[in-house]
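This report concerns only the one structure given below.
The values are calculated or read from the model by the stated rules, or taken from the named source; none is laboratory data. In this text the structure is predicted, and so the values were computed from the model without any measurement. Note: ideal-geometry Cβ built from the backbone for every residue, glycine included; neighbour counts use all protein chains shown.
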Amino acid sequence: MRPEIYWIPCCPIGRLAIMPRPRAGDWLEEELASIRAAGVDVLVSHLTNDEMTELELQREPDICRAAGLRFVSFPIQDRNVPSSRERFVRFVNRVYASLQQDERVAIHCRAGIGRSSLTAASLLVKCAYSADEAYEAIAEARGITVPDTDEQRHWLKSATPHLRNSK
């Protein structure tokens, strides 16, 4: 089975995608190998430790490495926003640097709608998109309205100056 990867075609600095969490349990190795085969170099997860346990994804970091994927974790509570704007901006800058180095990045949360679109939109905001333009581009690629909550939409608008002025 092919993984659900939604590439965002308008990203001006590299290949960026969002996706739902990988299939877990007995399928995890095959799923992560398929994600790698689809061209992903870096897999970002916003799942919390509790979610990783609940969804049987505790082995995701190790299996990513074995599959040739760089795994990056930045936990955010489901249907929520980052707890620290400063830490999130630093995290976005690291992911942005990966894109600038021509690495292909896919971002996942539970369903690939809220937290993952917040991060993808933050990366587009660094490329001079407005928050609304960024979410619109992601929604078009994903085929559904993003993000999950109004709080996520408003949070990005308030974080926009910090994202644009950070290195």
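Worth a mention:
- Strands (runs of 3 or more DSSP E) fully within region 1-79 counting 3 or more residues that are touching a residue at least 60 places away in the same chain (Cβ under 8 Å): 16-19, 42-45
- With respect to the stated conditions, V72 is surrounded by fewer than 20 Cβ atoms within 10 Å (Cβ to Cβ) and closer than 15 Å to L16 by Cα.
- Some residue of region 58-65 being under 18 Å from S166 (Cβ atoms), modelled with pLDDT of 95 or more, of a type outside the set (S, T, N, Q) and surrounded by 16 or more Cβ atoms within 10 Å (Cβ to Cβ): no
- Qualifying residues in region 126-155 (those that are among the aliphatic types (A, V, I, L, M) and within 14 Å of the chain's Cα centre (by Cα)) - the one farthest from L99 (Cα to Cα): V146
- Candidates in region 18-39 are the residues that are of a type in the set (A, V, I, L, M, F, W, C) and out of contact with any Ser or Thr (no Cβ under 9 Å at 6 or more places or on another chain); of these, the one that is surrounded by the most Cβ atoms within 10 Å (Cβ to Cβ) is L32.
- Subset of region 99-117 that is among the hydrophobic types (A, V, I, L, M, F, W, C) and under 13 Å from L16 (Cβ atoms) - its residue that is surrounded by the fewest Cβ atoms within 10 Å (Cβ to Cβ): L99
- Close pairs (6 angstrom Cβ cut-off, 6 or more residues apart or separate chains): on the phi < 0 side of the Ramachandran plot in region 110-123, of a type in the set (S, T, N, Q) anywhere: G114/Q152; L118/Q152
- Test for R104: is it of a type outside the set (V, I, T), over 10 Å from the mean Cα position of the chain (by Cα) and within 15 Å of I5 (Cβ to Cβ): yes
- Checking A120 against (1) in a helix (DSSP H, G or I); (2) touching a Gly at 6+ places or on another chain (Cβ under 8 Å); (3) within 13 Å of V44 (Cα to Cα), the condition it does not meet: (2)
- For region 137-157, the set of residues classified as surrounded by fewer than 17 Cβ atoms within 10 Å (Cβ to Cβ) and not aliphatic (A, V, I, L, M) consists of E140, G143, T145, T149, D150, E151, H154, K157, listed by residue number.
- Checking each residue in region 115-157 for being under 16 Å from W7 (Cβ atoms) and touching a strand residue (DSSP E or B) at 6+ places or on another chain (Cβ under 9 Å) picks out S116, S117, T119, A120, L123, L124, I138, A141, R142, G143, V146.
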